[in-house]
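J.: Take this structure, written in structure tokens, and hold onto it; I'll ask about it next.
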Amino acid sequence: MYKKLISPLLFLFDPEKIHNFTFFSTKLIFKIPLLGYLIKSYYKVEGDKLTRNLFGLTFSNPVGIAAGLDKNATHISEFEKFGFGFIEIGTVTPKPQMGNPKKRLFRLKKDDAIINRMGFNNDGVTKIKSRLDGNYKVIIGGNIGKNKLTPNTEAKKDYLICFKELYDCVDYFVINVSSPNTPGLRELQSREFLNDLFTDLNKFRNNNKNIKPILLKISPDLSKDKIIELIDVINKNKIDGIIATNTTVNFPELKSNNKYEKGGLSGQPLYDKSNEVISFISKKTGGKLPIIGVGGISTPEQALNKIRAGAHLIQLYTGIIYEGPGIASKINKELLNQEL
């Protein structure tokens, strides 16, 4: 029903306005008595074969929501009822920021893709923290970054602020140094910066009773030599995992008329590239480094291929836009029928 009736209507309007409208409407819909229960009973798929134990956490299923969809942690309960096993909020920055000028989100319908140049628009760590009351029944990841106006020389402070503020509120952290939409951010994918940052993050978490997992989210546009360097940094600093990948700025051949917009490309055109990165990391680490695979998943078969490439968990973003929130249920049903 979503692809035949709902998405054709939604796609008539500006993507960012529709995003805000659907978030507002979802809140209203879930206020209807018993509806949340009915949605959960219909969409949530359970089974021992779906359970994943990684970096000290137990995931009810391996299908999560990537950062960028629920930036401000406003719809965690709602998405959990659609059957997602984990939800990553953010990217969160210390101070609230509006992000880049609009228009900054573009559907490439002929390519089942999206270009975004949002620029870490979010409510800031203080307000987002106030929404995380610890009563959620789903694993929550905190994707953190720096404010646009913070120079790279002071970027570590921003990451530390968000890390410390959210430490008791999320189950794992993601260090985002790979978004293409904050000027200079990808320069932080360096051995020097990450060694320095991870040293301080480890000092803080090792002084806590609960040691929260830390993952690094990387760009799909890195060379193999650079990926090997980052794997070495991860291993030396005992970082718990990697997310592969963020959006790409190296566009393949596209069909859509608005393919020349600037920003990060996600969706189907990213699928093969992210799989290649996942496979490369998996082989280099002997499958021992936990990988969250993200990029271009819109069908159960594509989810299976991502896992076969080496991903331990998977995340969706653009696939939810094009296929609807029921995609998690479809993938989990297929996973129950597979021997992986």
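Readers should treat all values here as calculations from the given coordinates under stated rules, not as data from a laboratory. Please read these numbers as outputs of a predicted model, since none were measured by experiment. Cβ placement follows ideal geometry from the backbone for every residue including glycine, while neighbour counts extend to all protein chains displayed.
J.: For LEU54, list long-range residues whose amide hydrogen, built 1.01 Å from N in the peptide plane, is under 5 Å from its own amide hydrogen.
T.: PHE59
J.: Let me ask something additional. Which whole-Hz couplings ³J(HN,Hα) result when phi for each residue of region 251-261 is put into the Karplus expression 6.51 cos²θ - 1.76 cosθ + 1.60, θ = phi - 60°, listed in order with x for Gly and Pro?
T.: 6, x, 5, 10, 9, 6, 5, 9, 6, 8, 5
J.: Also, I was wondering about something else. Could you give me the ³J(HN,Hα) list for region 94-102, computed from phi with Karplus coefficients 6.51, -1.76, 1.60 and θ = phi - 60°, whole Hz, x at Gly and Pro?
T.: After applying 6.51 cos²θ - 1.76 cosθ + 1.60, I find x, 9, x, 8, 6, x, 6, x, 7 Hz.
J.: What fraction of the DSSP beta bridges in region 2-336 is antiparallel, stated in percent and rounded to the nearest 5?
T.: Given both bridge residues lie in region 2-336, the antiparallel proportion sits at roughly 30 percent.
J.: Taking only the alpha-carbon positions of region 223-266 and ignoring solvent, what does the Debye formula give for the base-10 log of I(q)/I(0) at q = 0.21, 0.26 Å⁻¹?
T.: Calculated log10 I(q)/I(0) at the listed q: -0.78, -0.95.
J.: Give me log10 I(q)/I(0) at q = 0.10, 0.12, 0.13, 0.17 Å⁻¹ for region 1-156, Debye formula, one equal scatterer per alpha-carbon, no solvent.
T.: Scattering profile of region 1-156, log10 relative to I(0): -0.44, -0.63, -0.75, -1.22.
J.: Also, quick follow-up: Can you give the relative contact order of the chain as a percent, counting alpha carbon pairs under 8 Å and 6+ residues apart?
T.: Working: 653 pairs, mean separation 62.5, N = 340.
For the chain, the relative contact order is 18 percent.
J.: Could you tell me the distance between the Cα centroids of region 77-152 and region 208-239, to the nearest Å?
T.: So the separation of the two Cα centres works out to 21 Å.
J.: Would you mind putting 311-319, 323-331 in packing order, based on average other-beta-carbon counts within 10 Å, highest first?
T.: On the way: 311-319: 25.1, 323-331: 21.9.
Sorting 311-319, 323-331 by mean packing, highest first, produces 311-319, 323-331.
J.: To continue, here is another question. According to the square roots a ≥ b ≥ c of the eigenvalues of the Cα gyration tensor, what is the shape class of region 104-144, taking rounded for a/c under 1.5, prolate for a/b larger than b/c otherwise, and oblate for the remainder? Present the calculation step by step, with values, prior to reporting the outcome.
T.: Working: a/c = 4.01, a/b = 1.94, b/c = 2.07.
Verdict is oblate for region 104-144.
J.: What ranking do 265-276, 53-64 get when scored by the average of other Cβ atoms within 10 Å per residue, highest first?
T.: Working: 265-276: 22.2, 53-64: 18.6.
Per-residue Cβ counts within 10 Å, averaged per peptide and sorted highest first, yield 265-276, 53-64.
J.: Given only helices, namely DSSP H runs of n ≥ 4 each adding -39500 (n - 2.57), what is the per-residue ellipticity at 222 nm of the chain, to the nearest 500 deg cm²/dmol?
T.: After summing the helix terms and dividing by residue count, I get -10500 deg cm²/dmol.
J.: If I take every Cα pair under 8 Å that is 6 or more residues apart in region 273-333, average their sequence separation and divide by the length, what percent do I get for the relative contact order? Before the final figure, lay out the partial values.
T.: Details: 77 pairs, mean separation 20.8, N = 61.
Result for region 273-333 is 34 percent.
J.: Find the Rg to Rh ratio for the chain, where Rh is the Kirkwood radius over alpha-carbon pairs and Rg uses the same atoms.
T.: Ratio of gyration radius to Kirkwood radius: 0.93.
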